[in-house]
1. Only one of (1) assigned to a loop (DSSP other than H, G, I, E, B); (2) basic (K, R); (3) under 25 Å from S117 (Cβ atoms) is not met by R38, so which one is it?
2. Give segment 72-89 a look and list any residue that's of a type in the set (D, E, K, R) and not in a loop (DSSP other than H, G, I, E, B), or say none.
3. What are the residues in segment 1-29 that are farther than 21 Å from R66 by Cα and either open to solvent by 20 Å² or more (accessible area, probe 1.4 Å) or of a type in the set (F, W, Y) (or both), if any?
4. Kindly list, by first and then second residue, each pair from a residue in segment 49-77 that is touching a residue at least 40 places away in the same chain (Cβ under 8 Å) to a residue that is open to solvent by 40 Å² or more (accessible area, probe 1.4 Å) and in a strand (DSSP E or B), limited to pairs with Cβ atoms under 6 Å and residues at least 6 apart or on different chains.
5. Looking at S17, is it small (G, A, S), more than 19 Å from Q1 (Cα to Cα) and modelled with pLDDT of 95 or more?
6. I'd like the residue in segment 64-87 that is among the basic types (K, R) and at pLDDT 95 or above and, out of all such residues, is most open to solvent (accessible area, probe 1.4 Å).
7. Out of I51, I98, report the one residue that is over 21 Å from T114 (Cα atoms), open to solvent by less than 20 Å² (accessible area, probe 1.4 Å) and in contact with a Lys or Arg (Cβ under 9 Å, 6 or more places away or on another chain).
8. Quick one: K96 ticks every box in (1) over 12 Å from the mean Cα position of the chain (by Cα); (2) modelled with pLDDT of 95 or more; (3) outside any loop (DSSP other than H, G, I, E, B) bar one, so which box is it?
Amino acid sequence: QVQLVESGGGSVQPGGSLRLSCAASGTIFGFKVMGWYRQAPGKQRELVAVITSGSTIMYADFAKGRFILSRDNAKNTVDLQMNSLKPEDTAVYYCKLIKVPGNNEYWGQGTQVTVSS
């Protein structure tokens, strides 16, 4: 199986920045989608930003202009630079990968992001 290891979470004040990293390991021939989702207490998990195998990046509306997704193809790593953070961004952030072949879906364990004064 594929293992996803996330890092970079923490606590910041409103307006601050954090950089999340996700490293994938295991047998990976390729991927369809890789990126980040988040889930706040009492809410459903939602897309933050993902990148396709064709290097097309899709951002949620709340992330546009504030968050930047990047990928290192050689390392199978994706980073999420989060700027101008708001209290509403407080959530557990999860890395996700959809593998080729087989379209298997993998999730990381999640990393907590807290934005407060």
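The values are calculated or read from the model by the stated rules, or taken from the named source; none is laboratory data. The model shown is predicted, which means the values in this text are computed figures rather than measured ones. Note: ideal-geometry Cβ built from the backbone for every residue, glycine included; neighbour counts use all protein chains shown. The protein model used for the area step is the full one, side chains on, heavy atoms only, and it has no ligands, DNA or RNA in it. Shrake-Rupley method; radii C 1.70, N 1.55, O 1.52, S 1.80 Å.
1. (1)
2. Pass one, segment 72-89, residues of a type in the set (D, E, K, R): 72, 75, 79, 86, 88-89.
Listed by number, the residues that qualify are D72, D79, E88, D89.
3. Of segment 1-29, the ones farther than 21 Å from R66 by Cα are 1-5, 23-29.
Within segment 1-29, Q1, Q3, V5, A23, S25, G26, T27, I28, F29 qualify.
4. Short answer, once both residue conditions are applied: V50/M58; S53/K32; T77/A23.
5. On the way: small (G, A, S): yes; more than 19 Å from Q1 (Cα to Cα): yes; modelled with pLDDT of 95 or more: yes.
Judged against the criteria, S17 is a match.
6. Step one: of segment 64-87, the residues among the basic types (K, R) are 64, 66, 71, 75, 86.
This time we only want the ones that are at pLDDT 95 or above, so: 64, 66, 86.
Details: K64: 123, R66: 28, K86: 90 Å².
Filtering first and then ranking leaves K64.
7. On the way: I98 fails: open to solvent by less than 20 Å² (accessible area, probe 1.4 Å).
On inspection, the qualifying residue turns out to be I51.
8. (1)
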